Amino acid sequence: MYNLKWILPPFLAFLAILTYPLWSGPKGAMPELAKPKGEACVESATWMRANHMQLLDHWREEVVRNQSRVYVNQAGQRFEKSLTKTCLSCHNNKQEFCDRCHNYTSVKPYCFECHVDPKLSEVSHVQ
Amino acid sequence: MSSDRRTFIKRLGMGAAVGLGSLAILEKTALVEASSSEPVETNSETRWGMLIDMSLCDPECNDCQKVCHAKHNVPDHGNKKDEIKWIWKAPFKNVFTDMNHTYLQAGLLEKPFLTLCNHCDNPPCVRVCPTQATFKRDDGIVQMDYHRCIGCRFCMAGCPYGSRSFNWRDPRENLKQLDPSFPSRERGVVEKCNLCAERVDVGQLPHCVETCTNGVLIFGNLNDPESAIRKALNEKKTIQRKPALGTRPSVFYVI
């Protein structure tokens, strides 16, 4: 083909850059997470891993807009629908649980600009 | 451009028609429906309200504010411009702007009056909020959903009572202690009293009511004729802030 040796290498480089997000992926092994308190999570751990963000979004809608503050899980257990009072009571090491996984997966929830990590309640202005 | 008298008068007439037409629109959208305190038709059994008996309030005492602000992580920035307030005291003349006259009882004009969000039955802040971050619950509490607030401050312009504050600064700059049981707010959102919705929902009294040892504050259901607040309203002579605006506050005062 006409001028192939000039066109092919830049084209391949372009393809490589284009598909970078697909083949790069997170580097290294999944970091170890702090051990939560308690026997089990609000729902099963695999379900939570995939769906906790939707659950929290649902909770805040329910609490703030529908005055519904109690969550009943699959097993019939009752939980207060609260980020700080429920999730962080078992996952009391937020840095080494939530944050560690979020850093690894490059997610930056802004919830803790307002919601309080009880561990940091003495020190103001830490997110 | 030349113009004879006939076209001038025609245009004048057209202008007047447009002007009058827009007046009619203004009338439709105006706040003043009727300056009464008739409740808006709702099928809710509950409408929370508050009665503030200022004859019992100690002018030196600020306990209700201290507890409210500590429990809700309301910062004290130390200056008027950045001030955030949920419940506070202001002179009578500022709280009841439409009731000042020259020969008012001695000292009343300057007497500090307790004030907070009125949780209006016909709340202008709710009407103007473009994201429905502010809304009225079935039980009458005018609630803010901070997750939706975009900080446009229309509600602050709409509120005739100055009950709302804007976070010009990060509240955590000036919070020595954070209470983990209630989130703080962040820079760029509006905030106000929520009548302790988080407590009322689980059957507790608002912090201010619980704190006050002088019995200044009575909290209760305005739709229940047997409630303490309705009985007190029956017995005492009470007033509301700016009733002529038709916002129908749920907060009542005994002077």
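The values are calculated or read from the model by the stated rules, or taken from the named source; none is laboratory data. Predicted model only: the values in this text are computed from it and were never measured. Methodologically, a virtual Cβ is constructed for each residue, glycine included, from the backbone with ideal geometry; neighbour enumeration extends over all protein chains shown. With ligands, DNA and RNA removed, areas are computed over all heavy atoms of the protein, side chains included. Shrake-Rupley method; radii C 1.70, N 1.55, O 1.52, S 1.80 Å.
Structure values in brief
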quantity: Pair list, Cβ < 9 Å and 6+ apart or interchain, from the range B:134-156 residues that are closer than 20 Å to B:Ser184 by Cβ and at the interface with chain A (Cβ under 8 Å from one of its Cβ atoms) to residues that are open to solvent by 10 Å² or more (accessible area, probe 1.4 Å) and part of a strand (DSSP E or B); calculated: B:Gln143/B:Phe135; B:Gln143/B:Lys136; B:Asp145/B:Phe135
quantity: Selection from the range A:16-53 of residues that are surrounded by 10 or more Cβ atoms within 10 Å (Cβ to Cβ), more than 30 Å from A:Ala75 (Cβ to Cβ) and hydrophobic (A, V, I, L, M, F, W, C); calculated: A:Ala16
quantity: Residue within the range B:201-212 that is within 14 Å of chain A (Cβ to nearest Cβ), within 18 Å of B:His119 (Cβ to Cβ) and open to solvent by 60 Å² or more (accessible area, probe 1.4 Å) present; calculated: yes
quantity: Per-region count, the range B:152-205, residues among the charged types (D, E, K, R) and over 17 Å from B:Arg137 (Cα atoms); calculated: 11
quantity: Sole residue being open to solvent by less than 60 Å² (accessible area, probe 1.4 Å) and under 27 Å from B:Arg137 (Cα atoms), chosen from A:Ser89, A:Ser82; calculated: A:Ser82
quantity: Exclusive hit being within 14 Å of chain B (Cβ to nearest Cβ) and of a type in the set (Gly, Ala, Ser), set A:Ser106, A:Ser68; calculated: A:Ser68
quantity: Complete set of residues in the range B:206-227 that are farther than 20 Å from B:Asp121 by Cα and more than 19 Å from the chain's Cα centre (by Cα); calculated: B:Glu210, B:Thr211, B:Cys212, B:Thr213, B:Asn214, B:Gly215, B:Glu226
quantity: Qualifying residue in the range B:103-125 (condition: in contact with a helix residue (DSSP H, G or I) (Cβ under 9 Å, 6 or more places away or on another chain) and within 14 Å of chain A (Cβ to nearest Cβ)); calculated: no
quantity: 3 or more residues open to solvent by 10 Å² or more (accessible area, probe 1.4 Å) and basic (Lys, Arg): qualifying strands (runs of 3 or more DSSP E) within the range B:41-147; calculated: none
quantity: Residues satisfying the stated conditions in the range A:47-101, i.e. among the basic types (Lys, Arg), closer than 26 Å to B:Thr131 by Cβ and part of a helix (DSSP H, G or I); calculated: A:Arg60, A:Arg65
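Here is a yes/no grid of residues against (1) among the small types (Gly, Ala, Ser); (2) free of Cβ contacts under 8 Å to residues at least 40 places away in the same chain:
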residue: A:Pro31; (1), (2): no, no
residue: A:Ala40; (1), (2): yes, yes
residue: A:Asn51; (1), (2): no, yes
residue: A:Glu61; (1), (2): no, yes
residue: A:Asn73; (1), (2): no, yes
residue: A:Phe79; (1), (2): no, yes
residue: A:Leu88; (1), (2): no, yes
residue: A:Lys94; (1), (2): no, yes
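Yes/no matrix, rows are residues, columns are (1) more than 13 Å from chain A (Cβ to nearest Cβ); (2) in contact with a Cys (Cβ under 9 Å, 6 or more places away or on another chain); (3) surrounded by 22 or more Cβ atoms within 10 Å (Cβ to Cβ); (4) touching a residue at least 12 places away in the same chain (Cβ under 8 Å):
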| site | (1), (2), (3), (4) |
| --- | --- |
| B:Glu173 | no, no, no, yes |
| B:Asp179 | no, no, no, yes |
| B:Gly188 | no, yes, no, yes |
| B:Asn214 | yes, yes, no, yes |
| B:Leu217 | yes, yes, yes, yes |
| B:Asn221 | yes, no, no, yes |
